[in-house]
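One structure below.
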Amino acid sequence: MGKRIIQQARGKGSSTYRVRRKAFSHKVQYPKTIPAEGKVLKLFSSAGHSAPLAKIATSEGSFYIPAFKRMVQGEKINLDGKEIVKGNILKLKDIPVKTKVYCIESRPGDGGKFIKTAGSSAEVVRVVGNKVHVLMPSKKEKPFNSNCRAIIGEAAGHGRTDKPIVKAGKQFYIKKAKSKLWPRTGALKVNAIDHPFGSGRGKNPKSKIAKRNAPPGRKVGLLRPKRTGKRK
């Protein structure tokens, strides 16, 4: 008798496939109101984030941001000025061209959505009207609203991928902390009874368009594709 396929088992929400809430107990974002300055209270590691986090204390409370390279405890950062110093949080319109930034807001006031991975940074390249163009780590330019905030410098934790994992068990727990399924088993590699694509006779994957109202066990393959057929 076959067992539930991974999509079904994960959807049930058992302890095996449940996210570790403690890993995401710290919400990484800027404060809604902009105080004058903040002080780095502590630096710590978080299982749910690749970069180390910093707790910043201000006159209006505290918040968490990804730490910047060479950040130290007790350091002061500016939040509403125009001084170009590592760690300061400024609007993109106040940041000069060729400056490295990270933790950029998608739209003004959302708290920072882009470039938060360890060791990552983007570069301000040009200003066009009320849009500031930023060169992303993917080497593509992306325009942002000039009022979006960002942190000067680059995220700490560069070189985290240089150290080898060595054991499969370590990778499993790294992925589990972020609720990512690992190792992944290919649909063609399982038995026919365990997956609609199972057995892989002839090793040719079946091109299948799942129906919109299909149950979790059947909703595999092409899910609501925009187009089908061979491109001409």
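Quick look at the numbers
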| item | result |
| --- | --- |
| For Arg126: the one exception among (1) more than 24 Å from Ala57 (Cα to Cα); (2) free of Cβ contacts under 8 Å to residues at least 40 places away in the same chain; (3) out of contact with any His (no Cβ under 6 Å at 6 or more places or on another chain) | (3) |
| Criterion: outside any loop (DSSP other than H, G, I, E, B) and either touching a Lys or Arg at 6+ places or on another chain (Cβ under 7 Å) or at pLDDT below 90 (or both) - qualifying residue of Lys180, Lys176 | Lys176 |
| Residues of the range 212-232 classified as hydrophobic (A, V, I, L, M, F, W, C) and assigned to a loop (DSSP other than H, G, I, E, B), total | 2 |
| Filtered residue count, the range 111-130, keeping only those that are part of a loop (DSSP other than H, G, I, E, B) and surrounded by fewer than 16 Cβ atoms within 10 Å (Cβ to Cβ) | 3 |
| Selection from the range 88-110 of residues that are part of a loop (DSSP other than H, G, I, E, B), crowded, with 17+ Cβ neighbours inside 10 Å and either in contact with a Cys (Cβ under 6 Å, 6 or more places away or on another chain) or among the aromatic types (Phe, Trp, Tyr) (or both) | Glu105 |
| Where Glu75 falls short, out of the listed (1) free of Cβ contacts under 8 Å to residues at least 40 places away in the same chain; (2) exposed (fewer than 15 other Cβ atoms within 10 Å of the Cβ) | (2) |
| Residue selected from the range 53-87 under the condition among the charged types (D, E, K, R) and part of a strand (DSSP E or B), by the criterion nearest to the chain's Cα centre (by Cα) | Lys55 |
| Near pairs, Cβ below 7 angstrom, 6+ apart or cross-chain, from the range 158-180 (surrounded by 10 or more Cβ atoms within 10 Å (Cβ to Cβ)) to any residue that is part of a helix (DSSP H, G or I) and modelled with pLDDT of 85 or more | Ile165/Gln171 |
| Those residues of the range 159-179 which are among the aliphatic types (A, V, I, L, M) and over 16 Å from Arg20 (Cα atoms), in sequence order | Ile165, Val166, Ala168 |
| Residue, surrounded by the most Cβ atoms within 10 Å (Cβ to Cβ), within the range 131-150, restricted to residues that are in contact (Cβ under 8 Å) with a residue 24 or more places away in the chain and in a loop (DSSP other than H, G, I, E, B) | Cys148 |
| Matching residues in the range 32-69 - criterion: being touching a residue at least 60 places away in the same chain (Cβ under 8 Å) and charged (D, E, K, R) | Lys32, Lys69 |
| Given (1) among the hydroxyl-bearing types (Ser, Thr, Tyr); (2) at pLDDT below 90; (3) closer than 21 Å to Thr161 by Cβ, number of the condition Ser121 does not satisfy | (2) |
| Enumeration of residues in the range 48-96 that are out of contact with any Pro (no Cβ under 8 Å at 6 or more places or on another chain) and among the acidic types (Asp, Glu) | Glu75, Glu83, Asp94 |
| For Ala36: the one exception among (1) surrounded by 14 or more Cβ atoms within 10 Å (Cβ to Cβ); (2) over 14 Å from Ala156 (Cβ atoms); (3) of a type in the set (A, V, I, L, M) | (1) |
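Yes/no matrix, rows are residues, columns are (1) aliphatic (A, V, I, L, M); (2) within 20 Å of the chain's Cα centre (by Cα); (3) at pLDDT below 85:
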position	(1), (2), (3)
Val166	yes, no, no
Gly169	no, no, no
Phe172	no, yes, no
Thr185	no, no, no
Gly202	no, no, yes
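The values are calculated or read from the model by the stated rules, or taken from the named source; none is laboratory data. Note that the structure is predicted; figures quoted are calculated from it, not measured. Cβ sites come from the backbone with ideal geometry, for glycine too, and all protein chains shown count toward neighbours.
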